[in-house]
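Student: This structure is in structure tokens; I'll ask about it shortly.
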Amino acid sequence: MSAPKNVEISSNMLALFGGAKSIIQDFKKYNPIGVEEVEAAKKVVESGVLSQFIGAWHKDFYGGPKVLEFESECAKYFGVKHAITVNSWTSGLIAAVGALGIEPGDEVIVPPWTMSASAAAILHWNAIPVFADIDPNTFNLDPSSVEKNITPYTKAIMSVDIFGQSANMDVLMKLASKHNLKVISDSAQSPGAKYNGKFAGTLADIGGYSLNYHKHIHTGEGGILVTNDDTYAQRLKLIRNHAESVVEGMGVENLANMIGHNFRLGEIECAIGIEQLKKLNGFIESRQAIAEKLNEGLKGLVGLQTPVVQEGASHVYYVYPLILDAKQLGVSRDRIWEALSAEGVPVSKSYQNIHLLPIFQKKIAYGSKGFPWNLGVSHREVDYGKGICPVAENFNDSSYLGFGMCVYDLREDDVAQIVSAFHKVWASRELLS
Ligand SMILES: *Cc1c(COP(=O)(O)O)cnc(C)c1O
């Protein structure tokens with residue numbers, strides 16, 4: 001067993017076995033909010049106008065000054081015709097599915113490695129989520145698995161730009177156009193990531209980003225929808241704001257899915273969002289610099305794969321994902337995770353496999369009797385059994401490790417300690433098997 005030269009095995013007993021922990025300090029929490037946001041919020045509070053939306057056909061149907069300003073700044077930044085704010089990205093996803101005209105019983109293909117909201121947004125229109133597997137390097141939808149899951153009922157693909165990089169949109173969009181499918185990009189985790197010169201989220205029919213406090217930039221809660229399509233933009237705004245009582249005045253004839261919600265984002269949040277957007281590039285650069293340091297430090301550890309970034313794409317590292325080859329290493333992922341955790345490394349050993357949630361396993365969503373799966377429209381039985389997404393499942397079962405990069409504001413010396421903890425664990429790995 002070869003250990004890195006600078007690691008002395010004898011004096012380096014693993015914390016798991018009672019040795020000293022590699023990391024003793026607390027990491028600084030990630031907090032992107034600064035004085036600019038405080039000032040911006042204060043001005044709105046002082047103005048007394050905390051929201052200016054009206055849920056009727058009226059000039060204020062589109063919201064107040066900060067909503068309009070933030071939307072215009074977002075449209076400029078992301079290079080799209082329309083940016084539309086919503087009170088959460090979950091609301092944004094629901095609005096997107098509705099705006100595309102998805103009908104009850106339609107199938108929408110979604111990956112299992114995402115937040116549950118991606119699939120729940122499909123169910124909210126009584127459509128049926130179908131899970132396709134993920135790519136073994138990028139964790140994003142695998143187009144070949146998407147193709148295998150297309151049926152006569154499929155109407156859309158919800159692609160998720162997981163962990164900070166765009167899905168393979170060239171291939172997905174071609175596939176969608178071949179089968180006449182709509183595409184939604186859930187880029188909650190990837191604002192600012194590039195794909196062939198364009199922003200992640202902007203390559204689909206409708207895409208967008210989360211502004212919840214776990215993400216790169218935030219307004220507490222919130223979301224931004226982006227689209228280049230005028231009709232979708234109008235339908236998104238209607239679903240955001242009480243469509244049913246607006247369509248008549250607006251002269252909208254297509255009433256499909258014009259059941260509105262109140263998904264409106266407030267003036268304070270939009271004022272904060274304007275300041276956050278100005279800082280996004282800087283935040284991304286610092287996450288990328290930390291990821292670069294991790295890449296350098298972890299390079300060459302046997303059986304460990306650092307993040308793979310697609311050709312022509314950039315990664316904004318919402319999560320820094322690692323893949324462990326337990327066979328090559330001779331130690332299970334779970335033992336490595338135990339040893340790293342004991343050293344104080346803030347690493348997790350699983351992400352979501354949302355097809356395995358009780359809602360899908362039991363097919364109980366609306367009411368208790370299997371709706372919408374048993375809706376009665378010409379329909380097949382959709383399988384959610386373990387085994388439908390082997391790549392995603394194997395990651396959770398045996399090979400994934402990841403750092404949440406918007407949990408702690410990691411500094412270079414934090415990274416140095418994390419890296420040395422990895423080397424310490426690797427050097428003593430024979431003791432773990
Ligand atoms: C955070 C997140 C969401 C939900 O966003 P909210 O703003 O919290 O509603 C949806 N999808 C993914 C992939 C996410 O990471």
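Read-outs throughout are calculated quantities, based only on the coordinates presented, and are distinct from any laboratory measurement. Bear in mind the structure is a predicted one, so any value in this text is a computation, not a measurement. Every residue, glycine as well, gets a Cβ built from its backbone with ideal geometry; the counts of neighbours run over all protein chains shown.
Student: Quick one: putting +1 on the C-beta of Lys and Arg, -1 on the C-beta of Asp and Glu, what dipole do you get for the chain around its Cα centre, in Debye to the nearest 20?
Tutor: It comes to approximately 400 debye.
Student: So how strong a dipole does segment 19-127 carry about its Cα centre when Lys and Arg Cβ are +1 and Asp and Glu Cβ are -1, to the nearest 20 debye?
Tutor: Dipole about the Cα centre, nearest 20: 320 debye.
Student: Where does the chain land at 222 nm, in deg cm²/dmol rounded to the nearest 500, when only DSSP H runs of n ≥ 4 count, each adding -39500 (n - 2.57), divided by all residues?
Tutor: For the chain, the value works out to -10000 deg cm²/dmol.
Student: Short version: what are the Cα gyration tensor semi-axes of the chain, square root of 5 times each eigenvalue, largest first, in whole Å?
Tutor: Equivalent ellipsoid semi-axes, largest first: 40, 28, 17 Å.
Student: Also, I was wondering about something else. Compute the longest continuous run of the chain that contains no exposed trypsin sites (Lys or Arg not before Pro); treat a site as exposed when its DSSP state is not H, G, I, E or B and it has at most 10 other Cβ atoms within 10 Å.
Tutor: Looking at the chain, 6-298 is the longest stretch - no exposed trypsin sites (Lys or Arg not before Pro) with at most 10 other Cβ atoms within 10 Å.
Student: Using the Karplus curve 6.51 cos²θ - 1.76 cosθ + 1.60 with θ = phi - 60°, work out ³J(HN,Hα) for each residue of segment 355-362 in order, rounded to whole Hz, and write x for Gly and Pro.
Tutor: Coupling constants for segment 355-362: 5, 8, 5, x, 4, 8, 4, 9 Hz.
Student: Further question: Taking amide H positions as placed 1.01 Å from N in the peptide plane, with prolines and chain starts having none, which residues 5 or more places from Lys182, or on another chain, fall under 5 Å of its amide H?
Tutor: Ala156, Ile157
Student: Using the alpha-carbon atoms, what tilt in degrees (0 to 90, nearest 10) does helix 35-47 show relative to the longest principal axis of the chain?
Tutor: The angle comes out near 20 degrees.
Student: Turning to a different aspect of this structure: Suppose a student asked you for the relative contact order of the chain, using Cα pairs under 8 Å spaced at least 6 residues apart; what percent would you report?
Tutor: 23 percent
Student: Could you let me know the centre-to-centre spacing of segment 300-352 and segment 76-120, using Cα atoms, in angstrom?
Tutor: Each part reduced to its Cα centre gives a spacing of 29 Å.
Student: Between Lys148 and Trp57, 0.36 nm times their residue separation minus their Cα-Cα distance comes to what?
Tutor: Net length gain for the segment: 28.4 nm.
Student: With respect to the cross-link table entries Lys182/Lys362; Lys76/Lys194; Lys182/Lys369; Lys29/Lys299; Lys28/Lys215, which display a Cα-Cα separation exceeding 20 Å?
Tutor: Lys182/Lys362; Lys182/Lys369; Lys29/Lys299
Student: Going by how many other beta carbons lie within 10 Å of each one, how would you line up Cys389, Cys270, fewest first?
Tutor: Cys389, Cys270
Student: HN-Hα J couplings of segment 233-243 from phi, Karplus 6.51/-1.76/1.60, θ = phi - 60°, integer Hz, Gly and Pro as x?
Tutor: 4, 5, 5, 4, 5, 5, 5, 4, 9, 6, 2
Student: Enumerate the residues in segment 239-258 having an amide nitrogen under 15 Å from the point lying 7 Å beyond the Cα of Thr231 toward its Cβ.
Tutor: From segment 239-258, the list is 252-258.
Student: Moving on to the next point. Please give the helix 412-427 orientation as an angle from the longest Cα principal axis of the chain, in degrees from 0 to 90, rounded to the nearest 10.
Tutor: 50 degrees
Student: Show the residues, 5+ positions off or on another chain, whose built amide H is closer than 5 Å to the amide H of Val130.
Tutor: The answer is Val108, Ile109, Val110.
Student: Any chance you could give the angle, 0 to 90 degrees and rounded to 10, that helix 333-342 forms with the longest Cα principal axis of the chain?
Tutor: 80 degrees
Student: When a/c is below 1.5 the answer is rounded, else prolate if a/b is larger than b/c, else oblate, so apply that to segment 35-276 with a ≥ b ≥ c taken from the square roots of the Cα gyration tensor eigenvalues.
Tutor: Note, shape of segment 35-276 comes out oblate.
Student: Once phi is turned into ³J(HN,Hα) by the Karplus curve 6.51 cos²θ - 1.76 cosθ + 1.60 with θ = phi - 60°, what whole-Hz value does each residue of segment 276-281 show in order, with x for glycine and proline?
Tutor: Per-residue couplings from phi come out as 5, 4, 4, 9, 4, 4 Hz.
Student: Normalised by the residues of segment 273-352, what does the relative contact order come to in percent, with Cα pairs under 8 Å and at least six apart?
Tutor: That works out to 23 percent.
Student: Using only alpha carbon pairs under 8 Å that are at least six residues apart, calculate the relative contact order of segment 35-276 and give it in whole percent.
Tutor: Reported relative contact order: 27 percent.
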